[in-house]
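Trainee: Structure provided below as structure tokens; questions to follow.
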Amino acid sequence: MNAPNPGRYEARGFWYLLTGLLIGLILGLAYAWLVQPVRYVDTPPASLKVESKDQYRMMIAIAYAADNDLVRASERLKLLQDEDPFQALTGQAQRILAAEGSLEEARFLSALAVAIEQNPGLFAPASATQTPEE
Amino acid sequence: MGRWLSFFVVIVIGAVIGLLAGWFLAPGQYLDTSPDTLRVDYQADYVLMVAEAFQNDDNLLLAIERLSFLSESKPQELVRQALLFAEPRYADADLALMRTLSLALQLSEAEAQP
């Protein structure tokens, strides 16, 4: 018959407390991230999810077709923080065409892309417009 | 019994720490937000874009559909909120576009009522 080993009990005591703490941490983090995540407010367009960014970009192109104000359109595009705005516009137009979407929308996007390509200085340091700034 | 009680107490302590960490210290990525969380100036600018497009195509149904991108609120309310923000800040020409859209929405709503 083995004699009781007090040291071993102390070690077990420590580990079960640590296990409980870890279980609690995991539960707490899971609740905070998955069940009741932080809801952001006052976000910029750059943080929008991809589909929403596409919709926002589309609206910029439609507004450009309406007002023909390239400076304003470029200031708005900057808000999306696309790495390459020309690529973003043409890529979206191509996706629309590939999905047999609206030809008119693809044209709006392409028209803005072409205008931007012809005026590369627009994406150099800012000019004053009244579009929102971050 | 004491051991089980301690076990559950540390679980609760861990959960509280986890909640605080998850909400305040590391609240996840500031990405993939939805349009209704956009700051009011961006929302107002979006409404201005819709108003510019409306001036061009005169398609109120399309304008309403475009406004629905921002939130599920009534389109008229979205334009009203945008105008409240824009009135002291935007150029007269832009305000005129937004007011035209607002008026068109009001007329459409009035016509829809019996």
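Bear in mind that the values in this text are calculations on the coordinates, not laboratory data. Given the structure is predicted, the values throughout are model-derived calculations rather than measurements. No Cβ is skipped: glycine too gets one built from the backbone with ideal geometry, and neighbour counts run over all protein chains shown.
Trainee: Jot down the per residue volume, in cubic angstrom and as a whole number, of the convex hull over the alpha-carbon atoms of region B:50-94.
Mentor: Normalising the Cα hull of region B:50-94 by residue number yields 69 Å³.
Trainee: Follow-up question, since we're still on this one. With a Cα-only, solvent-free Debye model of region B:35-112, what are the log10 I(q)/I(0) values at q = 0.20 Å⁻¹?
Mentor: Values, matching the q order: -0.78.
Trainee: OK, next. Would you mind calculating the relative contact order of chain B from Cα pairs under 8 angstrom and at least 6 residues apart, reporting the percent as a whole number?
Mentor: It comes to 26 percent, rounded to a whole number.
Trainee: List the residues whose amide H sits under 5 Å from the amide H of A:THR43, counting only those 5 or more places along or on another chain, with H placed 1.01 Å from N in the peptide plane.
Mentor: B:LEU38, B:ARG39
Trainee: What average count of beta carbons from other chains do you get within 10 Å of the Cβ of residues in A:45-53?
Mentor: For this peptide, the per-residue mean of nearby foreign Cβ atoms is 5.
Trainee: Mind jotting down the distance between the C-alpha centroids of region B:1-30 and region B:35-98, whole Å?
Mentor: Computed from Cα coordinates, the inter-centre distance equals 44 Å.
Trainee: Using the Karplus equation 6.51 cos²θ - 1.76 cosθ + 1.60 (θ = phi - 60°), what ³J(HN,Hα) coupling, rounded to whole Hz, does each residue of region B:55-62 give in order, writing x for Gly and Pro?
Mentor: 4, 7, 9, 6, 10, 5, 4, 5
Trainee: If you count, for every residue in B:34-47, the Cβ atoms of partner chains within 10 Å of its Cβ, what is the mean?
Mentor: So the per-residue partner count for this stretch is 6.
Trainee: If you don't mind, another one. Check which residues have an amide H placed less than 5 Å from B:THR33's amide H, if you skip close sequence neighbours.
Mentor: Excluding prolines and chain starts, which carry no amide H, the hits are A:LEU48, A:LYS49.
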